[in-house]
Amino acid sequence: MRSLQEKFQKDGYLILKDLYSAEACDQLIQRAQELASNYHFEGHPTIFQTQEQSRTSDAYFLSSGDKISYFFEKDAFNENGELKNDLFHSLNKIGHALHDLDPVFSQFSRSPQLKALAESLELQNHVIIQSMMIFKHARIGGVVDVHQDASFLYTEPGSCIGFWFALEDATIENGCLWAKPGGHQTSLRSWFKRSPLGGTEMVMLDETPITIDGMIPLEVSKGTCIVLHGLLPHFSKPNTSGKSRQAFAIHTIDKTTHYPETNWLQCNHALLRGFAN
């Protein structure tokens with residue numbers, strides 16, 4: 001298991017095939033559909049975009065750290081503010097506390113195999129702070145711009161590590177992740193935080209642009225887990241295919257690090273738990 005940690009430190013990511021069974025993936029997909037069907041859309045949507053610099057104050061978004069909240073694709077609505085499609089196929093994601101508030105997602109997030117993986121990576125102090133069900137629907141799943149996860153879950157020192165689970169096969173055609181081996185050996189470029197003027201702001205820490213040179217597609221099969229270093233730049237292209245690319249992601253931080261009160265995502269840190277049930 002030591003080789004796993006060495007490979008992670010070298011590449012900035014790990015690809016672990018068949019960490020979960022197809023049945024376990026299907027359970028999450030079904031549960032997400034149930035949650036969406038019980039969501040009462042009140043006509044005041046929050047639209048998820050990766051260009052968070054432009055986000056204005058949105059109480060729904062900023063209070064989602066300890067809730068199950070629903071976020072729409074940016075092109076989900078017509079000029080009259082009406083959904084172009086049914087509600088489920090208009091959603092971009094559900095987040096950000098599925099791992100704590102829903103029993104199906106909690107069981108998936110704290111499985112024996114994931115606990116063993118965390119132990120092999122020596123993440124004994126890491127706790128789960130955020131989770132997301134990402135739909136990437138066929139033909140409408142939007143682009144996710146190049147970013148570093150640590151920009152959105154900033155700690156001092158940096159400690160963010162993500163776990164991305166393919167609930168369906170992820171291919172170039174339906175919008176798989178792209179990353180560069182060793183790309184985490186760089187600086188943190190930005191910090192997405194709450195603005196003193198209200199809303200949020202993206203504070204630049206290093207003006208050096210992130211390029212996609214050398215990035216490769218991480219095509220993976222259903223049930224695969226991709227572990228992502230917080231400094232690893234990665235992105236995904238739009239889903240232009242006829243197949244969805246549903247995924248579940250959790251993000252973790254070291255509980256011994258400093259987590260600023262100005263981070264956009266806030267929750268009760270005393271309640272944060274790791275991978276053990």
Task: Matching residues in region 158-178 - criterion: being assigned to a loop (DSSP other than H, G, I, E, B), closer than 22 Å to W191 by Cβ and not hydrophobic (A, V, I, L, M, F, W, C) - done: G158, S159
Open item on the list: I'm checking my understanding of the structure. Among residues of region 246-277 that are out of contact with any strand residue (DSSP E or B) (no Cβ under 9 Å at 6 or more places or on another chain) and not in a loop (DSSP other than H, G, I, E, B), which one is farthest from L19 (Cα to Cα)?
Closed with: A270
Task: Qualifying residues in region 13-43 (those that are closer than 19 Å to K84 by Cα and touching a strand residue (DSSP E or B) at 6+ places or on another chain (Cβ under 9 Å)) - the one surrounded by the fewest Cβ atoms within 10 Å (Cβ to Cβ) - done: F41
Open item on the list: Just checking: which of the helices (runs of 4 or more DSSP H) contained wholly in region 15-103 hold 1 or more residues that are modelled with pLDDT of 95 or more and under 16 Å from the mean Cα position of the chain (by Cα)?
Closed with: 22-37, 98-101
- [ ] Could you please find all residues in region 104-116 being in contact with a Phe, Trp or Tyr (Cβ under 8 Å, 6 or more places away or on another chain) and in a helix (DSSP H, G or I)?
- [x] F105, F108, S109, Q113, L114, K115
- [ ] Could you please tell me which pairs satisfy a Cβ distance under 9 Å, a separation of 6+ or placement on different chains, a first residue in region 65-82 that is over 12 Å from Y39 (Cα atoms), and a second residue that is surrounded by 10 or more Cβ atoms within 10 Å (Cβ to Cβ) and of a type in the set (D, E)?
- [x] D66/D100
- [ ] From E156, E173, E168, grab the single residue that is surrounded by fewer than 21 Cβ atoms within 10 Å (Cβ to Cβ) and either touching a helix residue (DSSP H, G or I) at 6+ places or on another chain (Cβ under 8 Å) or aromatic (F, W, Y) (or both).
- [x] E168
Open item on the list: When you check S190 against the structure, is it touching a strand residue (DSSP E or B) at 6+ places or on another chain (Cβ under 7 Å), hydroxyl-bearing (S, T, Y) and surrounded by fewer than 18 Cβ atoms within 10 Å (Cβ to Cβ), yes or no?
Closed with: no
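The values are calculated or read from the model by the stated rules, or taken from the named source; none is laboratory data. Since the structure is predicted, the reported quantities are computational estimates derived from the model, not experimental observations. Every residue, glycine as well, gets a Cβ built from its backbone with ideal geometry; the counts of neighbours run over all protein chains shown.
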